[in-house]
Amino acid sequence: MFQSEVFVVAFALLATGDVILTLNVLLLGGHIIFFQSLSLLGYCLFPLDVGALICMMEGNVILKMIVVCVTLAWSSWASYPFMSSAVNLSRKALALYPVFH
């Protein structure tokens, strides 16, 4: 796969996720704009990017599994304050469900 194809696929997946995240919050009665949700995705994907870089450098499978679990927990923990403040308190569980499932 060429580098430009990898970029296009990553960009398309991020844009699709951003649209879904924005629609999810808006349909739950919250207030968020497209660029806020894009920032949220970037902020929450950063730990996974760090984990991917660490996994590229290391060959130990056990270490990779630990890194993936830690960065996934870090990413989920980072998204909690953003998603919980974007919607009403009564619908917070519905907004956070995709994060933890």
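The values are calculated or read from the model by the stated rules, or taken from the named source; none is laboratory data. Here the structure is a predicted model, which is why all the values come from computation and not from measurement. In this analysis, Cβ positions are derived from the backbone assuming ideal geometry, glycine residues included, and neighbour counts consider all displayed protein chains. Each accessible area value is taken on the protein alone, full model and side chains, heavy atoms only, with ligands, DNA and RNA left out. Shrake-Rupley method; radii C 1.70, N 1.55, O 1.52, S 1.80 Å.
Mind checking which pairs have a first residue in region 16-28 that is acidic (D, E) and a second that is surrounded by 14 or more Cβ atoms within 10 Å (Cβ to Cβ) and in a helix (DSSP H, G or I), Cβ under 6 Å, 6 or more apart or different chains?
As it stands, the answer is D18/S37; D18/L38; D18/L41, since those pairs meet every condition given.
A quick yes/no check of all residues on (1) more than 23 Å from A10 (Cα to Cα); (2) in contact with a Ser or Thr (Cβ under 7 Å, 6 or more places away or on another chain):
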residue: C44; (1), (2): no, yes
residue: L63; (1), (2): yes, no
residue: W74; (1), (2): no, no
residue: S79; (1), (2): no, no
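Return yes when L53 is closer than 21 Å to K92 by Cβ, modelled with pLDDT of 85 or more and in a helix (DSSP H, G or I) and no when it is not.
So L53 fails the test.
Just to be sure I understand the filter: pairs with C-beta atoms under 8 Å, separated by 6 or more residues or on different chains, first member in region 71-96 and free of Cβ contacts under 8 Å to residues at least 12 places away in the same chain and more than 21 Å from F34 (Cβ to Cβ), second member open to solvent by 20 Å² or more (accessible area, probe 1.4 Å) and of a type in the set (S, T, N, Q). Which pairs pass?
Between residues of region 71-96 that are free of Cβ contacts under 8 Å to residues at least 12 places away in the same chain and more than 21 Å from F34 (Cβ to Cβ) and residues that are open to solvent by 20 Å² or more (accessible area, probe 1.4 Å) and of a type in the set (S, T, N, Q), the close pairs are K92/S84.
Determine, yes or no, whether S85 is among the small types (G, A, S), in a helix (DSSP H, G or I) and surrounded by 15 or more Cβ atoms within 10 Å (Cβ to Cβ).
Details: among the small types (G, A, S): yes; in a helix (DSSP H, G or I): yes; surrounded by 15 or more Cβ atoms within 10 Å (Cβ to Cβ): no.
So S85 fails the test.
Is it true that some residue in region 2-15 is among the aromatic types (F, W, Y) and part of a loop (DSSP other than H, G, I, E, B)? Can you show your working first?
So the first thing to find is which residues in region 2-15 are among the aromatic types (F, W, Y), and the list is 2, 7, 11.
Still in the running and part of a loop (DSSP other than H, G, I, E, B): 2.
Yes, because at least one residue in region 2-15 is among the aromatic types (F, W, Y) and part of a loop (DSSP other than H, G, I, E, B).
With V50, V67 as the choices, which residue is open to solvent by less than 40 Å² (accessible area, probe 1.4 Å), in contact with a helix residue (DSSP H, G or I) (Cβ under 8 Å, 6 or more places away or on another chain) and farther than 21 Å from V25 by Cβ?
Numbers: V50 fails: open to solvent by less than 40 Å² (accessible area, probe 1.4 Å).
Being open to solvent by less than 40 Å² (accessible area, probe 1.4 Å), in contact with a helix residue (DSSP H, G or I) (Cβ under 8 Å, 6 or more places away or on another chain) and farther than 21 Å from V25 by Cβ holds for just one of V50, V67, which is V67.
Which residues, taken from region 30-44, are within 13 Å of V87 (Cα to Cα) and open to solvent by 40 Å² or more (accessible area, probe 1.4 Å)?
Across region 30-44, the qualifying residues are H31, I33.
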